[in-house]
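Reviewing the structure listed below.
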Amino acid sequence: MVAVFMSDDTGEPEVELEARLEERETFEPPESFVEQANVSDPDVYEEFEENWPDCWERAADLLSWDEAYDTVLEDGDAPFYEWFTGGELNASYNCLDRHVEEGAKNRAAIKWEGELGETRTYTYGDLLNEVEAFAAALRDLGVEEDDVVTLYMPMIPELPIAMLACARIGAPHSVVFAGFSADALATRMNSADSEYLVTCDGYYRRGDALNHKEKADKGLRGVENDVQTVVVDRLGDELTHFLGADAHDYGELVADHEGASVEPVSRDAEDMLFLMYTSGTTGEPKGVKHTTGGYLAYTAWTSHAVLDVKPEDTYWCAADIGWITGHSYIVYGPLALGTTTMMYEGTPDYPEKDRLWDLIERNRVDTFYTAPTAIRSFMKWGTEYPERHDLSSLRLLGTVGEPINPRAWKWYYKHIGGEECPIVDTWWQTETGGMMITTLPAINEMKPGSAGPPLPGIDARVVDAAGEEISAGEAGYLTVNDPWPGMLRTLYRNDERFIEEYWQEYSDPDADEWVYFPEDGATVDEDGYVTVLGRVDDVINVSGHRLGTMEIESAIVGVPGVAEAAVVGGDHEIKGEAVYTYVILEDDAEPSEDMRERIVAAVEDDIGPIARPEEVLFTPELPKTRSGKIMRRLLEDIASGDELGDTSTLRNPEIVDEIADQVDSGA
Ligand code: 6R9
């Protein structure tokens with residue numbers, strides 16, 4: 001649960017110091033790791049500070065530029081910052097051609113494993129060939145530079161191939177997570193004005209073939225543009241590989257264009273590489289815009305410095321490419337550095353709970369990067385599963401997506417890392433493009449539960465409601481006071497909302513002082529280590545996935561009979577947070593199991609199964625302040641089974657007990 005709140009009345013942060021803050025134990029980076037690390041000189045912090053913003057040339061130098069940039073940072077029109085202006089480059093060239101030219105043609109670029117156990121390896125040479133063939137096919141379909149191509153695909157190699165094919169011809173991609181619903185696909189395609197969709201027939205989950213094409217077709221019915229669709233055949237005969245009237249078969253397109261040579265288009269550093277939709281405070285998802293130069297330089301640099309990626313590694317980020325973590329740390333960062341990146345299609349407990357450890361052993365994985373929610377599941381399953389496997393190939397572990405509790409951290413350290421691998425707990429967001437706060441694994445000691453200091457060149461601070469830095473140990477709000485290359489440039493076609501969402505809170509436009517507000521609460525200790533506590537806006541974090549409470553509420557109020565709904569996050573042992581919904585029915589509607597099912601189905605239809613409510617509670621009223629604001633903090637306390645905070649400012653305090661009784665009785 002969110003541990004810092006804007007209390008409804010005073011606007012001051014309220015503190016709930018978690019047990020993790022009392023943890024004082026620290027861990028040193030293992031000597032064996034330090035000796036071989038990409039970045040091991042502690043002076044890196046000072047170097048970046050002294051040479052800011054030119055220090056970021058170190059990131060840009062990891063890339064090959066077609067045209068050298070003139071200026072590192074252009075801040076004349078802040079907060080619309082520009083990075084590496086005048087420079088030109090192509091992301092697909094940087095991720096493929098240059099490695100092939102340097103002799104890595106036969107090195108594995110992607111090692112993929114399907115849920116049923118089938119494997120595919122694409123060397124850098126193979127990957128380049130297929131990317132060129134598909135890029136040629138996209139062009140033939142009419143895709144031009146700057147057209148947004150939507151990719152609605154699960155974890156199959158054709159997803160990164162399509163991303164790189166788009167990048168090659170300068171067409172920004174917009175990947176929609178395959179678990180999202182048909183409606184979510186339609187909203188995102190309409191918002192991006194996209195006329196092209198690449199999807200697939202289906203994929204496997206726990207051994208069952210899921211029909212994905214049906215969902216895509218349903219989504220397409222809600223899209224305003226005429227759309228050209230390409231369908232990848234993932235399932236073979238399992239599900240009829242159904243092609244609608246104007247859909248194209250991916251396999252045929254690639255076969256028809258085999259051997260095609262497609263020159264990578266030189267893109268301006270500031271040209272859009274992709275759009276990624278994410279949840280915000282209001283119902284409409286936000287189209288976060290990332291650029292070619294700054295984003296690629298930043299993901300390459302953080303992959304190099306934090307994940308210690310080396311070309312000879314087998315590196316595995318067990319995220320989904322449908323989220324930013326997969327974009328930055330399965331695809332762009334690792335491939336820019338020429339390493340072998342693993343992809344796994346399925347779930348970690350299929351066919352058995354040792355699936356991931358088996359994968360690590362068989363592929364001799366060097367680095368493993370996952371989310372705390374997964375680690376909590378592994379803990380629950382028990383140590384017998386990792387113990388069955390030789391995990392000695394691992395050198396470094398990472399976590400991302402939500403705070404990690406020290407107990408899970410220590411379990412990961414001991415049972416997966418064998419007490420020999422540093423752990424990087426990396427705080428960042430869709431909007432930041434790449435990691436912002438984490439230890440550098442060869443330099444800083446680790447403190448379980450605390451992400452660490454801001455990375456070199458990143459000026460992150462913890463402040464109070466007035467923007468003043470707070471003392472060690474107090475809870476406040478995280479801010480970032482200088483721009484960085486991987487930052488979002490704007491919200492797609494909505495500059496105004498970009499300012500409102502991220503810059504309004506703490507900036508002083510008159511003084512041209514711009515402060516980025518990520519909407520997270522945090523504390524900082526005497527060593528400058530930041531512990532991120534969670535969101536302070538109406539976004540909840542379920543298993544590391546960001547969901548907007550407003551989006552879920554609007555799905556629920558669409559159900560006939562529902563008058564009003566409030567959605568909050570409540571504590572959940574494995575997921576971190578879970579979705580709790582409080583529903584007021586219209587006078588002529590009755591609470592019933594049937595109504596509950598319709599509400600759950602509406603959420604799954606509108607957003608996807610990840611947003612499935614843990615509980616639906618019917619109530620005659622919601623607790624409101626005298627000014628009429630829903631007191632979400634109380635609803636969160638009820639959902640989490642916590643002691644209830646102050647109810648004296650409520651207009652209707654009696655309602656709180658009524659709802660809490662319902663929860664206790666399991667209704
Ligand atoms: C990369 C990603 C961003 C939100 C962010 C914060 C939470 C991410 C975290 C963390 C504590 C960490 N978050 N990493 N909280 N410790 N190491 O997850 O992006 O999906 O946009 O979510 O996730 O609340 O604001 P995104």
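The values are calculated or read from the model by the stated rules, or taken from the named source; none is laboratory data. Keep in mind it's a predicted model, so treat the numbers as computed, not measured. FYI the Cβ positions are ideal-geometry reconstructions off the backbone, even for glycines, and counts take in every protein chain you see.
Quick rundown of the values:
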| read-out | value |
| --- | --- |
| Failed criterion for Pro422 (all others in (1) out of contact with any Leu (no Cβ under 9 Å at 6 or more places or on another chain); (2) within 22 Å of Ala59 (Cβ to Cβ) hold) | (1) |
| Checking Tyr582 against (1) within 14 Å of the ligand (Cβ to nearest atom); (2) under 20 Å from Ser279 (Cβ atoms), the condition it does not meet | (1) |
| Single residue of Arg234, Arg221, Arg206, Arg139 found to be in contact (Cβ under 8 Å) with a residue 12 or more places away in the chain, touching a Cys at 6+ places or on another chain (Cβ under 6 Å) and farther than 23 Å from Tyr295 by Cα | Arg234 |
| Residue in region 453-472 that is buried (at least 22 other Cβ atoms within 10 Å of the Cβ) and of a type in the set (S, T, N, Q) present | no |
| Unmet criterion (only one of (1) under 23 Å from Asn405 (Cβ atoms); (2) more than 16 Å from the ligand (Cβ to nearest atom); (3) not assigned by the TED database to the domain that holds His327) for Thr523 | (2) |
| Test: residue in region 625-639 that is at positive phi, surrounded by fewer than 16 Cβ atoms within 10 Å (Cβ to Cβ) and not assigned by the TED database to the domain that holds Glu214 | yes |
| Candidates Tyr329, Tyr350, Tyr385, filtered to the one that is modelled with pLDDT of 95 or more and more than 23 Å from the chain's Cα centre (by Cα) | Tyr385 |
| Selection within region 308-339 - of a type in the set (D, E, K, R) and crowded, with 24+ Cβ neighbours inside 10 Å | Asp308 |
| Single match in Asp66, Asp77 (criterion: surrounded by fewer than 16 Cβ atoms within 10 Å (Cβ to Cβ) and in contact with a Ser or Thr (Cβ under 7 Å, 6 or more places away or on another chain)) | Asp66 |
| Those strands (runs of 3 or more DSSP E) lying entirely in region 1-77 with at least 3 residues modelled with pLDDT of 95 or more | 71-74 |
| Residue list for region 97-153, restricted to those being touching a Ser or Thr at 6+ places or on another chain (Cβ under 8 Å), of a type in the set (D, E, K, R) and either in a helix (DSSP H, G or I) or within 16 Å of Val331 (Cβ to Cβ) (or both) | Arg98, Lys111, Glu132 |
| Test set (1) closer than 21 Å to Asp354 by Cβ; (2) among the hydrophobic types (A, V, I, L, M, F, W, C); (3) surrounded by fewer than 23 Cβ atoms within 10 Å (Cβ to Cβ) - Cys421 fails condition number | (3) |
| Counted residues, region 190-209 - those being surrounded by fewer than 19 Cβ atoms within 10 Å (Cβ to Cβ), outside any loop (DSSP other than H, G, I, E, B) and not acidic (Asp, Glu) | 3 |
| Some residue of region 356-363 being of a type in the set (Val, Ile, Thr) and surrounded by fewer than 19 Cβ atoms within 10 Å (Cβ to Cβ) | no |
| Top-ranked residue of region 442-453 - restricted to ones that are closer than 18 Å to Tyr298 by Cβ and over 19 Å from the mean Cα position of the chain (by Cα), ranked as farthest from the ligand (Cβ to nearest atom) | Pro453 |
| Residue among Lys218, Lys213 that is modelled with pLDDT under 95, surrounded by 21 or more Cβ atoms within 10 Å (Cβ to Cβ), in the same structural domain as Tyr344 (by the TED database) and of a type in the set (D, E, K, R) | Lys213 |
| Positions within region 351-410 being part of a loop (DSSP other than H, G, I, E, B) and basic (Lys, Arg), in sequence order | Lys353, Arg364, Arg388, Arg395 |
| Top-ranked residue in region 364-419 [being within 15 Å of the ligand (Cβ to nearest atom) and of a type in the set (S, T, N, Q); ranked as nearest to Thr26 (Cα to Cα)] | Asn405 |
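Here's the yes/no breakdown for (1) away from the ligand (no atom under 16 Å from the Cβ); (2) closer than 27 Å to Trp56 by Cα; (3) outside the structural domain of Lys289 (by the TED database):
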site: Ile470; (1), (2), (3): yes, no, no
site: Ala475; (1), (2), (3): no, no, no
site: Thr479; (1), (2), (3): no, yes, no
site: Asp510; (1), (2), (3): yes, no, yes
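Residues checked against (1) of a type in the set (S, T, N, Q); (2) in contact with a helix residue (DSSP H, G or I) (Cβ under 6 Å, 6 or more places away or on another chain); (3) under 15 Å from Gly287 (Cβ atoms); (4) assigned to a strand (DSSP E or B):
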| position | (1), (2), (3), (4) |
| --- | --- |
| Ser471 | yes, no, no, no |
| Gly476 | no, no, no, yes |
| Gly486 | no, yes, no, no |
| Arg493 | no, no, yes, no |
| Phe498 | no, no, yes, no |
